[in-house]
Amino acid sequence: MSNASGLTEPLPGVPDSRGSVRALAVWAAILVAGCLPLLIRFGMEQWARPQYQFFPLMLLAAAYLAWQRLGELPAGRVVCGSQRVTGVLLGVALVLMLAASALWSGRLAAVSAWLALAGLAWHMGGWLVIGAVMPSAILLALVIGPPVGVDEPLLQTLRELIVWISSGVLIWLDVPHMVTGTVIEIPTSRLLVAEACSGINSLMAVLGCTLVLGFSLRRSAGVVLLLLAAGVLFVSWANIVRIAGGAWLKATSDIDILSGSAHEYSSIVLFAVCMGLVISVDAGISMLAAWRKPEWTGDPDPVETPVETPRGPTWTANVPASVRVFAIVFALIGLIQVGNVLARGGPGVWLSESGASHLRAKATFTVPQEVGGWKRSEDADKLIAQPEIEGKQSHVWAYRQGNMVAIVAIDYPFAGFHDLTVCYRNAGWTIQKSTVKMEQEATQQGCYTTVDIARVNEWGTLYFAAVGEDGQWATPPKLTASERLKDRLGHMGRPDWNACTYQVQAWVHAYEPITEPQQAQLGELFLAVRGALSQQVVAQLDTKR
């Protein structure tokens, strides 16, 4: 029964269930609040990844779609789902939340919150409510994404494919160039095709907005999949045009649109163009469907007097004891997380961006003029543009010994261990041998990696290591899943387990194989310089953070 304002009133003799729904919402809020400390950390980690910086819009879209779909459920009393399934979903969410707290994993906490919300949705109305909130669940799953590292091979393959196709376009444009890895070398410069240029940033945003478009317009699953495929095609095409066009402009007119503000503006334009094309495809599909739909030529349906029916569902949800217990346990876990953060560095550690540097604003680095038989050279400036030694912040020096030139650099910031061999593979180098070594220092064991690399008729040897702001040297990830889990458990409960690191590297590049004595001499230079640079890192930290 509806009143004059259109609001549903309880039927005579039936208790009003709106109070139970409000109570369930309160307990749901308490449950989610237990995940909040790690969810905030997860949000900071995702924001540090450019391809996921669209996630706030996805959260708002998911909330709106859930509110809209739940309000449109058919009128009538909605029957709660079985408590057994609710208990299983909340129980699995609780186990994951405990693991997330122990490992300080924001992503695991996000999965836990996702399952907890699914359990509450099931309790409210079983499959009926689950079907209504499914679009929101898909958007939240897109925000969570796969574990870090799982998507790396896909991203690398995408970059290589885009570069390969762009090279074909440059051949058609008659632009002389050479491709090494994901670097396009033209007569005037070397263009590193980073993740943004390969399209992953715009691809994720276009996929998310395409899903919102399809769900908002009530498109079928087949149409949504078709729109997603079109979005992938348009983003790939747009970034090929940007890379090939940028290389052509740089080679012919010395106009750079692949870096700086021009690159950022072009990303916005490409996103808008791709979304416009996706909307055009959707409009075309709708027109085709309307054209193929047969027109009704029979007698018109008789006009019936509309019968007033209740608007929206009448909920029968109550708050069982199991939901209340789970909510209280989640809230306690959240309080423990907050206490852990306060005891291990305060909100600055909790809220800081993953891998954020805490160096003083005017921090500088110096290296000795002479180390063993190596002497400082003034040729470092011309080497800074090499992608192998180019980071967000880079300081580069050159050393000479006989006919050998060694490049020494410190790059930062990184979150935890950074596999530098990926950067060299992107520049076209092939990894021939990689070895992790430990050096016994006066106060600690220093871990570093040595790598033999080759490219066409070029050879090189690389030494690198990453030091944290606590002065400890980061160790590379273990090879097996069990070893990685054991290593992660060694950081149990530490909210700063992936804090900022500073990478020191030294490498030589020659046109003939590098001998073992030459490699040993480079190793001596690296160990001496990295010790000096690591001390300067610790000495120049902002102690007021």
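The values are calculated or read from the model by the stated rules, or taken from the named source; none is laboratory data. Computed from a prediction, not measured in an experiment: that's the story for all the values here. Here the Cβ is made from the backbone with ideal geometry for all residues, glycine too, and neighbour counts use every protein chain on show. In case anyone asks, the SASA skips ligands and DNA or RNA and just uses the protein heavy atoms, side chains included. Shrake-Rupley method; radii C 1.70, N 1.55, O 1.52, S 1.80 Å.
In Å², what does the accessible area per residue of the stretch 75-122 work out to with a 1.4 Å probe?
Normalised by residue count, the accessible surface of the stretch 75-122 is 39 Å².
With θ set to phi - 60°, apply the Karplus curve 6.51 cos²θ - 1.76 cosθ + 1.60 along the stretch 117-125 and write out the HN-Hα couplings as whole Hz, x wherever there is a Gly or Pro.
With coefficients 6.51, -1.76 and 1.60, one gets 5, 5, x, 5, 5, 5, 4, 5, x Hz.
Under a 1.4 angstrom probe, counting protein chains only, how are Phe55, Phe271 ranked by accessible area, largest first?
Ranked from most to least accessible, the order is Phe271, Phe55.
If each of Ser394 and Ile165 carries a label point 7 Å out from its Cα toward its Cβ, how far apart are those two points in nm?
Here the answer is 2.8 nm between the modelled labels.
Hey, what do the phi angles of the stretch 45-54 turn into as Karplus ³J(HN,Hα) couplings, whole Hz, using 6.51/-1.76/1.60 and θ = phi - 60°, x for Gly and Pro?
Once θ is set to phi - 60°, the couplings for the stretch 45-54 become 5, 5, 5, 6, 9, x, 6, 10, 6, 8 Hz.
By how many nm would the segment from Gln519 to Ala361 lengthen if fully extended, with 0.36 nm per residue of separation less the alpha-carbon distance?
Between Gln519 and Ala361, full extension yields an extra 53.3 nm.
Assuming R0 = 30 Å, can you tell me the calculated FRET efficiency for the pair Leu173 and Glu370, based on Cβ-Cβ distance, to the nearest 0.05?
The value I calculate is 0.05.
Of Lys362/Lys433; Lys375/Lys437; Lys437/Lys486; Lys362/Lys392, which ones are farther than 27 Å apart at the Cα?
Flagged as over cut-off: Lys362/Lys433.
For the stretch 508-514, what does the Karplus curve 6.51 cos²θ - 1.76 cosθ + 1.60, with θ = phi - 60°, yield as ³J(HN,Hα) per residue in whole Hz, taken in order and with x for Gly and Pro?
10, 10, 9, 9, 8, x, 8
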